[in-house]
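A.B. asks: One structure, as structure tokens, below. Some questions next.
The values are calculated or read from the model by the stated rules, or taken from the named source; none is laboratory data. No experiment lies behind these values; they were computed from the predicted model shown. Cβ placement follows ideal geometry from the backbone for every residue including glycine, while neighbour counts extend to all protein chains displayed. Ligands, DNA and RNA are excluded from the accessible area calculation, which covers all protein heavy atoms including side chains. Shrake-Rupley method; radii C 1.70, N 1.55, O 1.52, S 1.80 Å.
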Amino acid sequence: MDKKIRVVIADDHTIIREGLRSLISSASDFEVVGEAEDGRQAVESVETLKPDLVLTDLSMPKMDGIDLIRAVKKRSLQIKVVALTVHRGEEYVQATLKAGAEAYVLKDASYGELMMAIRSVLKGSATLARKFRRIGSRV
């Protein structure tokens, strides 16, 4: 069997982390290796666990998702980052992409849409929620 994609989930809501862990782990080629409830904890997890992908919320205590993305990308450009958020404002999309995230997915997306975005990112394509595709071309 091929090596599993190692994922760290960062979200300050326990039930969201647990749900994402369950959903992502249901894909046989993925393994959730860590969870973090704030940005600082996520950076520590990335340093120790060396994941392939970080799935992060943008609004978290101690360090927000945008600063987390910058910190992850400063450590390794190989680690892919998918932002999963409720924020629909253009300024969030631009700041997230500028920080280095490869995908911007809204929390109202389906499991299928999220996994399609994750798989697309892992293959080297940037992904934006449909609503924001015009913004991505300007960043």
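A.B. asks: Against the condition under 20 Å from LEU106 (Cβ atoms), touching a residue at least 40 places away in the same chain (Cβ under 8 Å) and not aromatic (Phe, Trp, Tyr), how does ILE16 come out, does it pass?
C.D. replies: Answer is yes for this residue.
A.B. asks: Next question, about the same structure. LYS80: surrounded by fewer than 21 Cβ atoms within 10 Å (Cβ to Cβ) and either in contact with a strand residue (DSSP E or B) (Cβ under 7 Å, 6 or more places away or on another chain) or within 22 Å of LYS50 (Cβ to Cβ) (or both), yes or no?
C.D. replies: The answer is no for LYS80.
A.B. asks: Sort out which residues of the stretch 51-67 are closer than 9 Å to LYS80 by Cα and open to solvent by 20 Å² or more (accessible area, probe 1.4 Å), and write them in order of number.
C.D. replies: ASP52
Yes/no per residue for (1) assigned to a helix (DSSP H, G or I); (2) in contact (Cβ under 8 Å) with a residue 24 or more places away in the chain:
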{"residue": "VAL72", "(1), (2)": "yes, yes"}
{"residue": "LEU77", "(1), (2)": "no, no"}
{"residue": "VAL81", "(1), (2)": "no, yes"}
{"residue": "GLU91", "(1), (2)": "yes, no"}
{"residue": "GLN94", "(1), (2)": "yes, yes"}
{"residue": "TYR104", "(1), (2)": "no, yes"}
{"residue": "GLU113", "(1), (2)": "yes, no"}
{"residue": "ILE118", "(1), (2)": "yes, yes"}
{"residue": "VAL121", "(1), (2)": "yes, yes"}
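A.B. asks: Among the residues of the stretch 56-66, is any within 20 Å of ARG40 (Cα to Cα) and part of a strand (DSSP E or B)?
C.D. replies: yes
A.B. asks: Of the residues that make up the stretch 26-49, is at least one in contact with a Ser or Thr (Cβ under 6 Å, 6 or more places away or on another chain) and farther than 21 Å from GLY100 by Cβ?
C.D. replies: Yes, the stretch 26-49 has at least one match.
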